[in-house]
Amino acid sequence: MTINQISVFLENKFGRLNEVLSFLSEAKIRVVAATVADTSDYGILRLITTDQQKAFQILKSHNVSANVNEVIAISIDSCISKFSETVELFTKAGISIEYMYCFSIDKKAILVLRTSNLDAAYDVIRKNSLNFVIESQLINL
Amino acid sequence: MEYWQEEIETMKRSDLEKLQVERLRKTVEIAMNSPFYGKIFKEKGITPESIKSLDDLKRFPFTTKEDLRNNYPFGLASVPKEKIVRLHSSSGTTGNPTVIVHTQEDLNQWANQVARCMYMVGLRDTDVFQNTSGYGMFTGGLGFQYGAERLGAMTIPAAAGNSKRQVKFIMDFGTTVLHAIPSYATRLAEVFFEMGIDPKKDTKLTTLCIGAEPHSEEQRKRIEQLLGVKAYNCFGMSEMNGPGVAFECKEQNGLHIWEDYVIAEILDPETLEPVAEGEVGELVLTTINREAMPLFRYRTRDLTRFLPGECPCGRTHRRISRFQGRSDDMMIVKGVNIFPVQIEKILMGFKELGMNYLITIETVGNNDEMMVEVELGEVRIDDFPKLQALTKEITRQLKDEILLTPRVKLVENGTLPQSEGKAVRVKDLRKNH
């Protein structure tokens, strides 16, 4: 039920993000979700694409430092309080969220999150009947 | 002209060479007692009686830093332990450090050697000498301390760092002569100006001894201008006691190497044969005025040349040029000796890192800065805190090993020179190189 996310280590060098993304577009791979975190020396690009396996191979063939990590995606209603209520469920269960990124489509918001305790996170999702988003759904959005 | 020991400093070359042969013979007699040299001398048939001239030096095999490490700690000691009164150890080397031991007489001789150097550049018993060397195992601390005390100068063991305090001492105690590594001398000049003090007018400084770190003639001129002093280049290494091996005289043209303390050869590092007169080669030294741990034909790995001709100062001991590099890959950063392999050893201990790394040394402001770039290996790239902790841990371990803090930068795979073949591991962009 987890989603494979690709993480890419990017040196802070002008044009590097553009270069990495062009490898994917040349291979006809569409980026569904992406986020970049940065420090003074390097950035980390987190990616979900239409074909994760192929995307990973393409990046590796270009010697890009990348690996695949499991994340969870949840769909919630895009309304005022829903986001904070959802995060609160995890907090109350004592689960730390390592990082998260979100995007909205129509009236829905998709939360992509990473936690070190996946099993506990599943429990929270099941008990509270949250909507999982699986990979095939996500890439068809 | 004034000398500390006129008779020795201006001795006729032929007499000086006679003295060298005599002392070499005596040193062989002492060193026969060391497990290391005892065995070698037996194999090579080297006895005190067999030493007839300086040519006999060719019969001795070379001694290297490796020999010192392999016989750590006391394998080269020539006297029983009860005669040893001091131990010094070199900084920042791989595996076993190198250890040098001294008898009381060795320390007396060393203090005399340093006193002679400092007298040569003008230090007198009316002077106030401040030493900014690190004390402890590093020989620049105690070496200068005992030398200046022997000379009779008021000696302030200020030790390294705390620049504002250094400036306060210079002002309050009326320091006239200072010992500092060149980059620190420039740093001190900055601190003076930040504190609104003009060192040229507001201090009594006249003389600076600078060494332990490669520096250019331009850098010396700059230090002299900034501080309003004369700056003299000094050379030493812990294997040869420490500071005092060679020192510039007031001519500021080459360093007199004290040939009543060492026999100096300059050899081609490949063939190990003497280079042509005045050519650059590796300095190879034999101690002839030391009893606890004599060293024969010790390969310093420093490249230099003998300056031709006589020095106007009247001293007959030959002059060597400012150092022109190394015959191995040792780097000297902030006065600390560092080998790339030390850094490699630490990096390779991290399974999160790849095989390739690059060390860059450059001058930032007035300081030498070291950057270590290393490629990532197997590591969870999305885990930010882990990457940051990794950088921190690498920095900490490197600091423990090389005694200075490099800037560590993680880089992408495949962006650094490959480890196969002759990879460029070190980029030295310092102005004086």
**Fill in**
The correct count of residues that are more than 11 Å from the chain's Cα centre (by Cα) and either farther than 17 Å from B:ASP383 by Cβ or part of a loop (DSSP other than H, G, I, E, B) (or both) in segment A:53-73 is 13
**Item:** Criterion violated by B:PRO61 - all others in (1) buried (at least 16 other Cβ atoms within 10 Å of the Cβ); (2) touching a Phe, Trp or Tyr at 6+ places or on another chain (Cβ under 9 Å) satisfied
**Value:** (1)
**Item:** Criterion (in the same structural domain as A:PHE23 (by TED's automatic domain parsing), over 15 Å from B:PHE384 (Cα atoms) and of a type outside the set (Asp, Glu)) met by exactly one of A:THR91, A:THR50
**Value:** A:THR50
**Fill in**
The lone condition B:ASN356 fails out of (1) touching a Gly at 6+ places or on another chain (Cβ under 6 Å); (2) within 30 Å of A:ALA34 (Cβ to Cβ); (3) surrounded by 19 or more Cβ atoms within 10 Å (Cβ to Cβ); (4) not hydrophobic (A, V, I, L, M, F, W, C) is (1)
**Prompt:** For B:ASP329, all conditions in the list (1) within 28 Å of B:LYS250 (Cβ to Cβ); (2) under 20 Å from the mean Cα position of the chain (by Cα) hold save one; what is the number of the exception?
**Reply:** (1)
**Request:** Look through segment B:328-364, keep the residues that are small (Gly, Ala, Ser) and without any contact (Cβ under 8 Å) to a residue 60 or more places away in the chain, and return whichever of them is nearest to the other protein chains (Cβ to nearest Cβ).
**Result:** B:GLY354
**Request:** Considering only residues that are at pLDDT 90 or above and out of contact with any helix residue (DSSP H, G or I) (no Cβ under 7 Å at 6 or more places or on another chain), look in segment B:401-433 and name the one that is surrounded by the fewest Cβ atoms within 10 Å (Cβ to Cβ).
**Result:** B:ARG407
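Tally time: how many residues in segment B:1-48 are farther than 20 Å from B:ASP260 by Cα and either of a type outside the set (Ser, Thr, Tyr) or touching a residue at least 40 places away in the same chain (Cβ under 8 Å) (or both)?
First, pick out the residues of segment B:1-48 that are farther than 20 Å from B:ASP260 by Cα: B:1, B:32-47.
If we keep only those that are either of a type outside the set (Ser, Thr, Tyr) or touching a residue at least 40 places away in the same chain (Cβ under 8 Å) (or both) as well, we get B:1, B:32-46.
Final tally of qualifying residues: 16.
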**Prompt:** Do you know which residues across segment A:94-141 are basic (Lys, Arg) and touching a residue at least 24 places away in the same chain (Cβ under 8 Å)?
**Reply:** A:LYS107, A:LYS108, A:ARG114
**Asked** What are the residues in segment A:74-115 that are within 13 Å of chain B (Cβ to nearest Cβ), among the polar types (S, T, N, Q) and outside any loop (DSSP other than H, G, I, E, B), if any?
**Response** A:THR115
**Failed criterion for B:ASP382 (all others in (1) over 30 Å from B:PRO182 (Cα atoms); (2) in a helix (DSSP H, G or I); (3) of a type in the set (D, E, K, R) hold)** = (2)
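Please indicate, with yes or no, whether at least one residue in segment B:411-418 is within 12 Å of another protein chain (Cβ to nearest Cβ), in a helix (DSSP H, G or I), within 22 Å of A:VAL36 (Cβ to Cβ) and not basic (Lys, Arg).
No.
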**Asked** Within segment A:54-67, can you find the residues that are in contact with a strand residue (DSSP E or B) (Cβ under 8 Å, 6 or more places away or on another chain) and surrounded by fewer than 16 Cβ atoms within 10 Å (Cβ to Cβ)?
**Response** A:LYS60
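Just one of B:LYS204, B:LYS164, B:LYS221 is surrounded by fewer than 19 Cβ atoms within 10 Å (Cβ to Cβ) and either within 21 Å of the chain's Cα centre (by Cα) or under 22 Å from B:GLY325 (Cα atoms) (or both); which is it?
That would be B:LYS221, the only listed residue that is surrounded by fewer than 19 Cβ atoms within 10 Å (Cβ to Cβ) and either within 21 Å of the chain's Cα centre (by Cα) or under 22 Å from B:GLY325 (Cα atoms) (or both).
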**Request:** Give the residue that is nearest to B:HIS317 (Cα to Cα), with candidates limited to residues of segment B:217-244 that are in contact with a helix residue (DSSP H, G or I) (Cβ under 6 Å, 6 or more places away or on another chain) and free of Cβ contacts under 8 Å to residues at least 60 places away in the same chain.
**Result:** B:ALA231
**First in segment A:50-73 and within 14 Å of A:VAL20 (Cα to Cα) and away from every other protein chain (no Cβ under 13 Å), second anywhere and in a helix (DSSP H, G or I) and of a type in the set (Phe, Trp, Tyr), Cβ under 9 Å, 6 or more apart** = A:ALA55/A:PHE23; A:ILE58/A:PHE23
**Complete:** Filter segment B:370-400 for residues that are surrounded by fewer than 18 Cβ atoms within 10 Å (Cβ to Cβ) and among the charged types (D, E, K, R); the one that is farthest from the other protein chains (Cβ to nearest Cβ) is B:ASP400
**Fill in**
Within segment A:6-42, the residues that are under 17 Å from A:LEU138 (Cβ atoms) and away from chain B (no Cβ under 14 Å) are A:LEU24, A:ILE29, A:ARG30, A:VAL31, A:VAL32
**Request:** Within segment B:160-189, track down each residue that is closer than 20 Å to B:ASP368 by Cβ, hydrophobic (A, V, I, L, M, F, W, C) and not in a helix (DSSP H, G or I).
**Result:** B:ALA160, B:LEU178, B:ALA180, B:ILE181
**Request:** List the number of the failed condition for B:THR27; all other conditions in (1) surrounded by fewer than 14 Cβ atoms within 10 Å (Cβ to Cβ); (2) within 30 Å of B:GLU149 (Cα to Cα); (3) modelled with pLDDT of 95 or more hold.
**Result:** (1)
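The values are calculated or read from the model by the stated rules, or taken from the named source; none is laboratory data. If you're wondering where the values come from, they're calculated on a predicted model, not measured in any experiment. Positions of Cβ are backbone-derived with ideal geometry, glycine not excepted, and every protein chain shown enters the neighbour counts.
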